[in-house]
1. Give me the percent of DSSP beta bridges within the chain that run antiparallel, rounded to the nearest 5.
2. Does anyone have the angle between helix 186-195 and the longest principal axis of the chain? Alpha-carbon axes, 0 to 90°, nearest 10?
3. With label points built 7 Å along Cα→Cβ from the Cα atoms of Lys196 and Ala90, find their separation and express it in nm.
4. For the ranges 53-59, 85-91, what's the packing order if you count other beta-carbon atoms within 10 Å of each residue, average per peptide, and put the highest first?
5. Output the 0 to 90 degree angle, nearest 10, between the alpha-carbon long axis of helix 223-240 and the longest principal axis computed from the alpha carbons of the chain.
6. Could you list which residues have their amide H under 5 Å from that of Leu91, counting only those 5 or more apart in sequence or on another chain, with H placed in the peptide plane?
7. List, in the order given, every pair from Lys72/Lys196; Lys40/Lys263; Lys5/Lys147; Lys15/Lys295; Lys41/Lys92; Lys196/Lys295 whose Cα-Cα distance in the structure shown is over 32 Å.
8. Would you mind calculating the gained length between Asp310 and Asp135 on full extension (0.36 nm times residue separation, minus the Cα-Cα distance), in nm to one decimal?
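The values are calculated or read from the model by the stated rules, or taken from the named source; none is laboratory data. What you see is a predicted model, and the numbers here were worked out from it, not measured in a lab. Please note: Cβ atoms are built from the backbone with ideal geometry, for glycine as well, and neighbour counts cover all protein chains shown. Please note that ligands, DNA and RNA were not included when accessible areas were found on the heavy atoms of the full protein model with its side chains. Shrake-Rupley method; radii C 1.70, N 1.55, O 1.52, S 1.80 Å.
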Amino acid sequence: MTDLKFDVVGAEGPKRFFSRLTKDTIGHGYLFTGTAGVGKKTFARALAQSILCEAPHTDGLLGYDGTCASCKLIGREETRHPDLLESIGALKIGDTDEALGFHEGESTTSRDLVRQLSLQSYLGGFRIFVLGDVDFASPAAANALLKFFEEPPASVLLLLTTSTPARLLSTIRSRLIEIRFPTLRHVGVAQILRAKGFDAEQAELGASLSQGSVTRALATLAQDEEQLRAQVAAWFFNVVDGRTPDEAWASREALDEGLEIVKTLVRDWVALSGAGENAPLLAVDYAKAIQNLPKINPENAIAVLAKVTDAQRLARTNVSAALVGEFVRMALTSYR
C-alpha cells in the first residue's frame, strides 16, 4: 500500500475536521479564515491534491502519494491539473462576451469562474476551485457567483481563504462552511522558515517575531521590512517620549505593516505595565526599550489599543496614509 502524506504544518483542528470526511461526505464549499500567514492557502492546495490523488484512501480524506499522474500536475507554486483551478486576490465582474479560458487571461474574473463552474470534470472526478485571499472588487462581482455558491454543480468543490472575512458579503459567507485556522506555534513557524532556506538562527528570530504568522516572519526577515520595523519603532518611542517625529514611514505601501508593528509595541508596553518585567513579549528585539517606557494605566491602555485598531480599519479605506499616521500619533500621546 502506498504511504500517503499531508505536508501541512499546524492546522490541527482543520486536519481533524477533514480527516473525518470522505469524497462522499465533503460539502460543496468552505471558507478558511484566520490571520494572514497561518497556512490557509497551503492547506487548501493540499486538500485539493488529496481529493484529486489517484492513490486509494482507506483512512479518511487527507493524504496524497505525490507520485501519481494527478499529483505530478500539482506543483508547490502552480498547478497544471485541469480540474484544479486557482485564483489569488480580488475578483472583478468581467466582460459578458469574454472568450478567454480560466488560465489564459492576466487575471481571473467572476464570469470566468461562472463559465468554468459550468464545465464537467476533465478526468471524471472532482473539479476544485481555490480562491486564495479572496475579495470582490464590487458587489456585482460577488453576486455573479452567488447562485453557484448556493447550488454548485455536482462534484464541484469551492475552497475560499481570507484573513478579513467581514469584507465578504453575508450572502456569500452563509453559503460556505467556515473553518477557522489558528496561529502557528513557534516551532511550526521555525520549521517552515528552515524549509524555505533560512538558517537555524534566522528561523528562530523570525519565529520569535512572527506572532504565529509565516507572512509576518518573512516580512521581519526581509531587509526592507527590517528597515521599516526600525523606522516605525524609532517613531513609536519618540512619540511616547513626548516628541513629534516625522511620519515618514506612513506611506500607503507601508501602512498595514507599520500599524501592525505599532500595535505589537503597544501590546508589549501594556503587558510590561501590568505584569512587570517578567511579562512575555512579542517584540523581543525591543524588550529593553519597552522596559524603559513610563507605565500606562489600564484604562488608557485599553483606549490606546482601541484607537490603533481603529487606525487599522481606517487604513483599509481611502483615508490618506499621513492622516492615519497622525491619528495614531495622537492616540499614543493621549495617555499622558
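1. 10
2. Approximately 60 degrees, to the nearest 10.
3. Each label point is offset 7 Å from its Cα along the Cβ direction, giving 2.5 nm.
4. Per-residue Cβ counts within 10 Å, averaged per peptide and sorted highest first, yield 85-91, 53-59.
5. 40
6. Asp135, Phe136, Ala137
7. Distance filter (> 32 Å) returns Lys5/Lys147; Lys15/Lys295; Lys196/Lys295.
8. 60.9 nm
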